[in-house]
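Data block below; observations after.
The values are calculated or read from the model by the stated rules, or taken from the named source; none is laboratory data. Model, not experiment: these values are computed from the prediction. Neighbour counts run over all protein chains shown; Cβ positions are idealised from the backbone, glycine included. When the accessible area is computed, the model is the full protein with side chains, heavy atoms only, and any ligands, DNA or RNA have been set aside. Shrake-Rupley method; radii C 1.70, N 1.55, O 1.52, S 1.80 Å.
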Amino acid sequence: PEKQRRKACSKKSDAVRGWSLSDFWEMTSWPRDSSGTGTVRFGLPVREDPVEEEFMLLESPYRPQQQKAVADEEEEYDEVGKFDMKPPKTSSSSKNTAVQNNPYVLNVLGVEGMESEIVDTEMDCIMFMSAKFCKTCRSINPIYTRMARLNQENENSNISFIKAEASGAMGKELGRHLSVRAVPSFVFFRKGKRFGIPLSVSKLPSKKIDKALELLASGSDWDDSILDEDDQPSSS
């Protein structure tokens, strides 16, 4: 028996060492395309929106007091829509198909939604570029809503607060269109045209954001010295 086994496993034999029916079935029945460029990868369907490889994440360091403040904000300004029973903002354009769930912040979807809501209407606004997979985006979202609420209560302000999703096919296209390479980021518009450059900020309030909003509201030109501002919470 030992002699026959050695002969079967010799180089001259057609037998395959370690052969198994399951391995043979997998090799012959499953597609072996590992590129992921098609709709099938190793016999399994490929997600249309694979993970967030195109954007860097700006994660702020963990601080218990700051996290408690964020939790308090989230309790008062819940993202899903209970804002003192106020109805959510409504889109004036049929081209913007984003779901509206916030009375102070208007959601836009993709390049077409941005053009119909901001460019065509020559809007002055700040746009929060967020992503579903970004924990920092979720943590600062209630504070952004609070900023939008205070802005809306200011009768002298004509600046709108916008939010856009940066993930998914339409979100990534919008990010490339606006040269946004990290989330969270904030993009400014004056009369429908991009004002300055996107600011990547990991916490709110922010001196950079406050300075950019001041320039936008006053009609002043963009000042690159904003980038030198210490990215620490402002006093507001």
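Look through T121, T145 and report the one residue that is polar (S, T, N, Q) and within 23 Å of D210 (Cβ to Cβ).
Working: T121 fails: within 23 Å of D210 (Cβ to Cβ).
Just a single option satisfies the conditions, and that option is T145.
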Surrounded by 20 or more Cβ atoms within 10 Å (Cβ to Cβ) and not in a loop (DSSP other than H, G, I, E, B): does that describe I197? no
Hey, could you check segment 212-231 for residues that are assigned to a loop (DSSP other than H, G, I, E, B) and open to solvent by 80 Å² or more (accessible area, probe 1.4 Å) and say which is modelled with the highest pLDDT? D221
Filtering segment 153-191 down to residues that are of a type in the set (G, A, S), over 10 Å from the mean Cα position of the chain (by Cα), over 23 Å from P88 (Cβ atoms) and open to solvent by less than 50 Å² (accessible area, probe 1.4 Å) yields none
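Listed residues K163, K193, K132; which is of a type in the set (K, R), within 20 Å of V99 (Cα to Cα) and modelled with pLDDT of 95 or more?
Details: K193 fails: within 20 Å of V99 (Cα to Cα); K132 fails: modelled with pLDDT of 95 or more.
Matching residue, one of K163, K193, K132: K163.
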First in segment 168-191 and of a type outside the set (F, W, Y), second anywhere and modelled with pLDDT of 95 or more and surrounded by fewer than 16 Cβ atoms within 10 Å (Cβ to Cβ), Cβ under 6 Å, 6 or more apart: K191/E122
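For S206, are the conditions met, namely being of a type in the set (G, A, S), open to solvent by 20 Å² or more (accessible area, probe 1.4 Å), closer than 13 Å to F128 by Cβ and in contact (Cβ under 8 Å) with a residue 24 or more places away in the chain?
On the way: of a type in the set (G, A, S): yes; open to solvent by 20 Å² or more (accessible area, probe 1.4 Å): no; closer than 13 Å to F128 by Cβ: yes; in contact (Cβ under 8 Å) with a residue 24 or more places away in the chain: yes.
No; evaluated as a whole, the condition is false for this residue.
Could you grab me the full set of residues in segment 131-184 that are assigned to a helix (DSSP H, G or I) and of a type in the set (F, W, Y)? Steps first, answer last, please.
Of segment 131-184, the ones assigned to a helix (DSSP H, G or I) are 135-153, 168-177.
Within segment 131-184, Y144 is the sole residue that qualifies.
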